[in-house]
Amino acid sequence: MRKSEPGSASRVGERLIGALLFSSGALSIVATVGIVVVLLTESLGFFAEVSPVEFLAGTRWSPDLVPRSFGILPLVNGTLLVAGGAALIALPVGLATAIYLSEFASIRTKRTVKPALEILAGIPTVVYGYFAVTLVTPVLRTLFPGVGVFNAASAAIVVGIMILPMVSSLSEDALSAVPGSLREAAYGVGATRFEVATRIVVPAGLPGIAASFILAISRAIAETIVVTLAAGATPGMTLDLLQSVQTMTAYIVQVSLGDAPSGSIEYRTLFAVGLLLFLITLALNLLSQRMTTRFRESFR
Amino acid sequence: MAPEAVLETVGLGVRYGETRVIEDISLTIPTRRVVAFIGPSGCGKSTLLRCFNRMNDLVPTARVTGRVLFRGRDLYAPGVEPADVRRAIGMVFQKPNPFPKSIFENIAFGLRINGFQDDIGDRVEASLRAAALWDEVSHRLDADALGLSAGQQQRLCIARALAVEPEVLLMDEPASALDPIATGRMEDLIGELRGDYTIVIVTHNMQQAARISDDTAFLYMGELVEYKETQRLFTNPEDERTEAYITGRRG
């Protein structure tokens, strides 16, 4: 048959394209698996010397100074203090912005503000870090005498501003996805715009809003450069935002820049801390993804 | 025309942006009757209906001209709160749109936002009974309303509208998303509500209009062509456009 020849040729071409596309996809999977394997194997070396209980429950972090101590809680504390402070700013303001854009703003305002917010999300984080050190910290030091050059508050404020566009943009998506028919139903029984927004649209969009919150917190936990520049390198168990703290990420930077010899216990702490950080953000991202799926299903 | 008018339009026109949807419509809706609006798709019947509870306000490009009077008061006069209008003139939509809440909360919502003082539970029951849904849901008021069938959801939406005790009930093709059995129940329900409420219903189904309404208005290309007692309109149409439509030659 005449048809078979071009048919088989195109089938070969198609297979080639398929293989190319597959290997592109495989590349990122291989890279991810590779990273996880390295994290795990190097961490195993660490946990051969330090018990996981000491690592997870210890409250003193001193991997380089004798007596050495490998309790990661001070780093977790620093991370959560900064991320919590950032969330305190970004979640309410971000949600309020989302409600305004979705329910109150004119179409024209929304068309201007939303892309602007998304551009804000594209500013390199080192710029935010610089902004923290050169602007926010001096202002804080003027307002609260006695605040050090490094403090958690400056980092928290700037990380909060940094994740704000993420919260408002994703939450706005969630609110806009609530069907207009629900708004009509609420207006139909005499609800005001505010009642429609707060009693119908926000509850209906809650899973999507929660997903945006979790994703933003995950981003704050993983944030590195701002906290390294602004929060300092003092691991400690404190809830005082005006103190210097060290986060997990900032510790990783500190050791990576230093000259911890490969294979030493200090070098291996990198991977143990990195593994925990990875597990925390992975869990948060999975949770956020699940909430988004559930949200979509409820409005099929 | 003997009965007292609940709603009246005077030279009513609506534009969406540059598009004229209805023009110069003057009609009265008499109290406690069922009035049907019929006409081909795009004739403006839904737009006209949505003028009665200012639902067109929600469309940013909509411009309403002329007057709509509710018991002699202009609904579009300055100082009139759309929320107050919509409480007095309830609406049931084309597709069932229950809130993603429990059956009970769907009805309680309107009561709560309107500062209802008495027993909410009693009113929820009364509304569900009025909408012929009580027997099916009385044992599961806490269940998610989205778990109901389409027909039940639509009756829930009617119960929700009735709960805030409107004088008028606007229905925008309320059976268009329902199967024939659910449609039949919906029509029975309208029959039961007749006499207690003034009902204005938009329908694309002429048999339905003939079965359930006292008066029928035929709209064509944004214009009110003919409006009279349903039986007379269907048996003895005066305008040839009406006749063409109801005999199926156009539309």
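Descriptive notes on the structure:
- Residues of the stretch B:112-133 satisfying the condition of being in contact (Cβ under 8 Å) with a residue 24 or more places away in the chain and either within 10 Å of chain A (Cβ to nearest Cβ) or of a type in the set (Lys, Arg) (or both): B:114, B:123
- Every residue from the stretch B:164-191 that is farther than 18 Å from residue B:207 by Cα and in contact with a helix residue (DSSP H, G or I) (Cβ under 8 Å, 6 or more places away or on another chain): B:164, B:166, B:167, B:168, B:169, B:170
- Annotation note: of B:229, B:192, B:240, the sole residue that is farther than 23 Å from residue B:47 by Cα, exposed (fewer than 15 other Cβ atoms within 10 Å of the Cβ) and either in contact (Cβ under 8 Å) with a residue 60 or more places away in the chain or touching a strand residue (DSSP E or B) at 6+ places or on another chain (Cβ under 7 Å) (or both) is B:192.
- Counting only residues that are away from every other protein chain (no Cβ under 14 Å) and surrounded by fewer than 23 Cβ atoms within 10 Å (Cβ to Cβ), the stretch A:201-212 holds 1 of them.
- When B:20, B:50 are checked against the criterion of being among the basic types (Lys, Arg) and surrounded by fewer than 17 Cβ atoms within 10 Å (Cβ to Cβ), a single residue qualifies: B:20.
- Residue match in the stretch B:45-63 (condition: at pLDDT 95 or above, assigned to a strand (DSSP E or B), among the hydrophobic types (A, V, I, L, M, F, W, C) and within 23 Å of residue B:214 (Cα to Cα)): no
- Any hit, the stretch B:200-218, residues being free of Cβ contacts under 8 Å to residues at least 24 places away in the same chain and touching a helix residue (DSSP H, G or I) at 6+ places or on another chain (Cβ under 7 Å): no
- Residue list for the stretch A:48-85, filter: surrounded by fewer than 17 Cβ atoms within 10 Å (Cβ to Cβ) and touching a strand residue (DSSP E or B) at 6+ places or on another chain (Cβ under 7 Å): A:54, A:60, A:62, A:68, A:69
- Where a residue in the stretch B:85-111 is facing chain A (nearest Cβ under 7 Å) and buried (at least 21 other Cβ atoms within 10 Å of the Cβ) and its partner, wherever it lies, is part of a helix (DSSP H, G or I) and aromatic (Phe, Trp, Tyr), with Cβ under 7 Å and at least six apart: B:86/A:187; B:99/B:109
- Leading residue by the ranking (farthest from residue B:91 (Cα to Cα)) among those in the stretch B:144-158 that are away from every other protein chain (no Cβ under 11 Å), under 15 Å from the mean Cα position of the chain (by Cα) and not charged (D, E, K, R): B:154
- Candidates B:131, B:159, B:126: the one that is farther than 18 Å from residue A:203 by Cβ and surrounded by fewer than 18 Cβ atoms within 10 Å (Cβ to Cβ) is B:126.
- Taken over the stretch A:249-300, the residue count meeting the criterion of being surrounded by fewer than 15 Cβ atoms within 10 Å (Cβ to Cβ) and among the acidic types (Asp, Glu) is 2.
- Restricted to the stretch A:164-185, and to residues there that are out of contact with any Cys (no Cβ under 8 Å at 6 or more places or on another chain) and within 7 Å of chain B (Cβ to nearest Cβ), the residue that is nearest to residue A:213 (Cα to Cα) is A:182.
- Residue count for the stretch B:5-44, restricted to those that are over 22 Å from residue B:187 (Cα atoms) and in a strand (DSSP E or B): 22
- Failed criterion for residue B:41 (all others in (1) away from every other protein chain (no Cβ under 14 Å); (2) without any contact (Cβ under 8 Å) to a residue 40 or more places away in the chain; (3) polar (S, T, N, Q) hold): (2)
- In this entry, residue B:177 is excluded by the filter for residues that are touching a residue at least 24 places away in the same chain (Cβ under 8 Å), within 14 Å of chain A (Cβ to nearest Cβ), among the small types (Gly, Ala, Ser) and touching a Leu at 6+ places or on another chain (Cβ under 7 Å).
- Restricted to the stretch B:26-39, and to residues there that are under 14 Å from residue B:246 (Cα atoms) and touching a Phe, Trp or Tyr at 6+ places or on another chain (Cβ under 7 Å), the residue that is surrounded by the fewest Cβ atoms within 10 Å (Cβ to Cβ) is B:39.
- Conditions (1) part of a loop (DSSP other than H, G, I, E, B); (2) of a type in the set (Val, Ile, Thr); (3) away from chain B (no Cβ under 14 Å); (4) within 28 Å of residue A:288 (Cα to Cα): number failed by residue A:161: (1)
- Across the stretch A:186-197, the qualifying residues are those that are of a type in the set (Val, Ile, Thr) and either touching a Cys at 6+ places or on another chain (Cβ under 9 Å) or within 8 Å of chain B (Cβ to nearest Cβ) (or both), and the one among them that is farthest from residue A:208 (Cα to Cα) is A:189.
- Evaluation of residue B:82 against the conditions (1) within 14 Å of chain A (Cβ to nearest Cβ); (2) free of Cβ contacts under 8 Å to residues at least 40 places away in the same chain; (3) under 28 Å from residue B:182 (Cβ atoms) shows that the sole unmet condition is (3).
- Residue in the stretch A:216-224 that is more than 20 Å from the chain's Cα centre (by Cα) and more than 14 Å from chain B (Cβ to nearest Cβ) present: no
The values are calculated or read from the model by the stated rules, or taken from the named source; none is laboratory data. Keep in mind that this is a model prediction, so the values were computed, not measured. Heads up, the Cβs are rebuilt from the backbone with ideal geometry, glycines too, and the neighbour counts pull from every protein chain shown.
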